[in-house]
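Structure first, commentary second.
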Amino acid sequence: MPAVRPVPSSPVRHAVVADLLQPSAPQHAALSRAALVLCGVLLLSACARVEIRVPFSIVPVTGQTFGVLLLAALLGARQASATVLAYLVAGAAGAPVFAGGGGGVAWLLGPTGGYLAGFLPAAFVTGWLADRGWDRRFGTALVAMVTGNLIIYACGLPWLALYLSADQVLAHGLYPFLPGAAMKVTVASLLLPVGWRVLSLGGFDTIRPAPRSA
């Protein structure tokens, strides 16, 4: 009799903070997810208002990156992706949710449009890592945050190159933001494990939702 090969099991999805907010009644789950998306959009909009203009750069320093990556870790891949997509759609529709209260399609097509577009894959990847428990320890949380940041730069810098010469792109779109980015990812990576330790006092760290693709 031929040997039966075991079917590979799906990676276990760990609980993220958003799972603790899900209602026990299934009929309320959709409403809860919609509320989380709305709250996430409002948070990203507030982070976009935190803006510092760099005198020699056309790209402002904002709190958006911090907000996107932190939300991704709190919400997980699917919920974070839905939230960032809703944020981008709202901004494209003219809602004043981008840096400095801006909105409209022109923002997505302008010099910083690549960074905005990069929020979506960054949120998914960082959230996917959080779904695998990478937000529970400082070291893995830091790797997840840095990975998300790199994705944003990988999307933003080539798009910025359409507006600046090659020798100006890094000087305007990367170097001025590295100190702030390092500080933001470090703070987020410290907050997440501390938050889980606090939640563990109530036994929430043992929650393991059923595996799902993300």
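Among 127-133, 17-23, 64-70, the peptide with the highest mean count of other Cβ atoms within 10 Å heads the list, and the full ranking is 64-70, 127-133, 17-23. Residues of segment 37-73 with an amide N closer than 15 Å to a point placed 7 Å from the Cα of Ser165 along the Cα-to-Cβ direction: none. Between segment 22-73 and segment 120-140, the C-alpha centres lie 16 angstrom from each other. Among the DSSP helices (H) of the chain, those spanning at least 18 angstrom by Cα along their long axis with an average Kyte-Doolittle hydropathy of 0.0 or more are 29-49, 77-92, 113-131, 138-160, 178-200; this is a geometric and hydropathy rule only. A straight chain from Val50 to Leu150 at 0.36 nm per residue would run longer than the Cα-Cα distance by 33.9 nm.
The alpha carbons of the chain give a radius of gyration and a Dmax of 18.7, 74 Å, in that order. Charges on Cβ only, +1 for Lys and Arg, -1 for Asp and Glu, centred on the Cα centroid of the chain; of Ala15, Asn149, Ala99, which one is farthest towards the dipole's positive end? So the residue we want is Ala15. On full extension, the segment bounded by Val198 and Arg137 gains 20.6 nm, given 0.36 nm per residue less the C-alpha separation. Dipole magnitude for segment 17-199: computed about the Cα centre from +1 point charges on Lys and Arg Cβ and -1 point charges on Asp and Glu Cβ, it is near 300 debye. Over the residues of the chain, the helix contribution to mean residue ellipticity at 222 nm works out to -19500 deg cm²/dmol, using -39500 (n - 2.57) for each DSSP H run of at least 4. Placing unit charges on the Cβ atoms of the charged side chains and taking the dipole of segment 17-199 about its Cα centre, the candidate lying farthest along the positive direction among Val84, Gly114, Val59 is Val84. At 0.890 mPa s and 25 °C, plugging the Kirkwood radius over alpha-carbon pairs of segment 63-134 into Stokes-Einstein gives what diffusion coefficient in µm²/s? My calculation gives 203 µm²/s for D.
The numbers here are math on the coordinates, done by the rules we state, and not lab data. Treat the numbers as computed from the prediction; the structure is a model and nothing was measured. Reconstructed Cβ throughout: ideal geometry from the backbone, glycine too, with neighbour counts over all protein chains shown.
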